[in-house]
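Derivation of every value follows stated rules applied to the coordinates shown; laboratory data play no part. Note that the coordinates shown come from a computational prediction; the quantities given were computed from them, not determined experimentally. Please note: Cβ atoms are built from the backbone with ideal geometry, for glycine as well, and neighbour counts cover all protein chains shown.
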Ligand SMILES: Nc1ncnc2c1ncn2[C@@H]1O[C@H](COP(=O)(O)OP(=O)(O)OP(=O)(O)O)[C@@H](O)[C@H]1O
Ligand SMILES: [Mg+2]
């Protein structure tokens, strides 16, 4: 077993052991904290698919995180107020069923990612960063100025949405749902990274000219990667909103985009489990440093600077070394 | 005589005041090695780029396999059967040698939108890739990271990837640079047999290799083709001697 696999297993074990121990010792706050880490990890794994595998520096993934959040908020809002979302030409009701909410979050985020990708991928470099940021800001201002769904104040949900057979209000049960989804997403991304598509995509990140010379078009690869990436981050958004039973325009803010990017860079760009390590470390720092000082972001900034300068592969690069080629 | 596989018609390209291609016409026929020689900065690589589509000519057209490809992308031209090697190696540097070769085989096969297969376990692609590596003599380096290869080995890998594309024509920009005496000899023997598979437009500085291999030679000087002919004709052409070969004698 190579170092990376060992690290993956250790990481995923810690991530499940901490909340279980906390739950046994009656510390629900720690369980919620771990759930946050897991959800952030999913968001990061999503961004990593575009940023780490495709080299697409998206500074607008808050758009998908927020869309997922509002997909949950809007569906649950209509369900709890017993008002249909739409009456004509046919009736669409809200819902409190998590699986349906997730599906809607994924589909909406994927479609929007496809549209944003088609427009943004005409540019590259700094322009791509700016245009993705601009799209996310558009959603941010739209959410603020749309009173039907709470505007600036956001939307609150009385009780968490439902999952068949589980009590989602129990922190450890909701944690379990999120953890299993993280595993599922990691499995899918791991497979995709080693697939035909993954080989070509990661080649395009290294050298577009080479990909063209073997007869393939980098932008097509990027567009699909961006769409999948947005869909995964959208799912995370729905889970995050459900965790807080609250969704607000903040989920669309550039600050959120930056945070998701921090998970990816901290953990290790292009490493399948990297964002999990990044998100866990982020939560750990937020929890420990946040207690020491209200300005903990300054320390986070310093750590991030250290990672970028001294450990370019992030935590995974530092501990597991360079990625070993699969044979 | 059959129609040429590749035909360049009156291509012109200027960089500011510099005419890098000046109404260049040239063709490549099946079964031949057509060498393109000329001093540094003559415009050889610029011509290759225009043929493969990474650079747009100011005027003129490129015809490939009976089709005007002037408006097609690099990728589309590669799909039609242009197998290019780069003067400055252009590889996925973080990949292993084998991954680069599989990349070529995959690009050629198409159906790249598969998300759940294990591409490095695809026996069809592996067979193509390993066969190509063996032909250029890189079989023992398959597990090496490409960034760790020598310049000559990178050049060999370029050729191996072009092989995996099973192209209708090879466009090779100095495939022997940096190979060393042994490597060059091996490559000359290999290219010699390769022309049966597909013709080669060969940009090369090594005159021994050119005279040993080429069925026809075109001489490019300051963006202009000043002569085309077989080895004997080129050797005895006074203009060529003055503009190019003479330079080499002096050196
Ligand atoms: N993108 C570019 N912009 C401006 N000038 C260029 C560009 N590309 C090439 N040139 C110039 O065009 C001329 C031809 O360059 P090219 O690379 O085609 O020469 P070459 O024959 O391949 O030379 P070498 O034998 O050194 O490889 C050179 O003077 C070069 O400086
Ligand atoms: Mg050149």
Fill in: Length-normalised contact order of chain A in % [C-alpha pairs under 8 Å, at least 6 apart]
33
Worksheet item: Say each of residue A:26 and residue B:185 gets a label point 7 Å from the Cα, pointing the same way as Cα to Cβ; how far apart are those two points in nm?
Response: 8.5
Worksheet item: Tell me, what is the FRET efficiency for residue A:82 and residue A:126 to the nearest 0.05, using R0 = 45 angstrom and their Cβ-Cβ distance as r?
Response: 0.40
Fill in: Cβ-derived FRET efficiency at R0 35 Å, residue B:150 paired with residue B:232, nearest 0.05
0.45
Worksheet, complete the sentence: Per its Cα gyration tensor (rounded if a/c is under 1.5, else prolate when a/b beats b/c, else oblate), the range A:118-183 is best filed as oblate
Discussion item. If you restrict to DSSP beta bridges whose two residues both lie in chain B, what percentage is antiparallel, to the nearest 5?
Written reply: 55
Practice prompt. Can you tell me how much longer the chain between residue A:309 and residue A:296 gets when fully stretched, taken as 0.36 nm per residue apart minus their C-alpha distance, in nm with one decimal?
Written response: 2.7 nm
Worksheet, complete the sentence: Distance in nm between residue B:65 and residue B:143 label points, each 7 Å along Cα→Cβ, equals 3.7
Item to complete: Calculate, for residue B:205 and residue A:190, the FRET efficiency according to 1/(1 + (r/R0)^6) with r their C-beta to C-beta distance and R0 60 Å; round to the nearest 0.05.
Response: 0.85
Worksheet item: Would you list A:163, A:187, A:49, B:170 from fewest to most Cβ contacts within 10 Å?
Response: A:187, A:163, B:170, A:49
Response to the item:
Shielding of B:103-109 by other chains, given as the mean Cβ count within 10 Å, works out to 6
Discussion item. Assuming 0.36 nm per residue, please report the length gained on full extension of the stretch residue B:193 to residue B:30 beyond their Cα-Cα distance.
Written reply: 57.4 nm
Discussion item. Using a 10 Å cut-off around each Cβ, can you sort B:59, B:184 from fewest to most neighbouring Cβ atoms?
Written reply: B:59, B:184
Discussion item. Can you classify the protein assembly as shown as rounded, prolate or oblate using the Cα gyration tensor, where a ≥ b ≥ c are the square roots of its eigenvalues, rounded means a/c under 1.5, and otherwise it's prolate if a/b beats b/c and oblate if not?
Written reply: prolate
Item to complete: Would you mind computing, in nm to one decimal, how far apart the modelled labels at residue B:88 and residue A:318 are, each placed 7 Å from Cα along Cα→Cβ?
Response: 3.5
Worksheet item: What shape does the range A:6-151 have by the C-alpha gyration tensor, where a ≥ b ≥ c are the square roots of the eigenvalues, rounded means a/c under 1.5, and otherwise prolate means a/b greater than b/c and oblate the rest?
Response: oblate
Worksheet item: Taking a label point 7 Å from the Cα of residue A:180 along the Cα→Cβ vector, which residues of the range A:222-253 have an amide N closer than 13 Å to it?
Response: none
Worksheet item: Hey, what angle do you get for helix B:123-136 against the long axis of chain B, alpha-carbon based, 0 to 90 degrees rounded to 10?
Response: 40
Worksheet entry | Residues B:187, A:86, A:130 arranged by fewest to most Cβ contacts within 10 Å | A:86, A:130, B:187
Worksheet item: Do you know the relative contact order of the range B:51-172, to the nearest whole percent, from alpha carbon pairs under 8 angstrom that are 6+ apart?
Response: 38
Worksheet item: How many partner chain Cβ atoms sit within 10 Å of a residue's Cβ in peptide B:87-95, on average, as a whole number?
Response: 5
Worksheet item: How much mean residue ellipticity at 222 nm does chain B get from its helices, if each DSSP H run of length 4 or more adds -39500 (n - 2.57) and you divide by all residues, to the nearest 500 deg cm²/dmol?
Response: -10500 deg cm²/dmol
